[in-house]
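For reference, the structure is listed below as structure tokens.
Bear in mind that the values in this text are calculations on the coordinates, not laboratory data. Being a predicted model, the structure only gives us computed values, none of them experimental. For neighbour counting, all protein chains shown are included, and Cβ atoms are generated from backbone atoms with ideal geometry for every residue, glycine included.
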Amino acid sequence: MEILNFEKKHVKEATSLALANYYEERQFVKVLPEVCDIPDLNGFAENGLGVAAFENKKMIGFLCCDEPFDNAFRATDVRGIFSPMGANAAVSENCSKIYAAM
């Protein structure tokens, strides 16, 4: 597995992977609405706070986040980050290992 910085050239493949994850989740949570797109990932490629996992030149996961923020969880000395829905995904096979590596 190769972990690279998330870049604009990864957006299309990441969008497809995130949609695939969403539709897989819909199989278990029937009340989730049908969607045909996820929010634009270009901002995450620009902020430099994301990574993408590849195996044999195929994206197997990506993890992006917003800018770090102070006072996370209402603690005064803790910085936090947030990865919105659609800003991360991984193939189902070895999913936990992929997320751990990212």
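Taking other C-beta atoms within 10 Å as the exposure proxy, CYS64, CYS36 rank CYS36, CYS64 from fewest upward. Cβ-to-Cβ counts within 10 Å put PHE62, PHE73, PHE44 in ascending order as PHE73, PHE44, PHE62, the fewest first.
Counting lysine pairs in segment 2-101 that sit 8 or more residues apart in sequence, or on different chains, and whose Cα atoms lie under 20 Å apart gives 8.
Cα centroid distance between segment 1-33 and segment 41-55, in Å? Cα centroid of segment 1-33 versus Cα centroid of segment 41-55: 13 Å apart. Set against the labelled values [x] 1.13; [y] 1.00; [z] 1.17, Cα Rg over 2.2 N^0.38 Å computed from this structure falls on [x].
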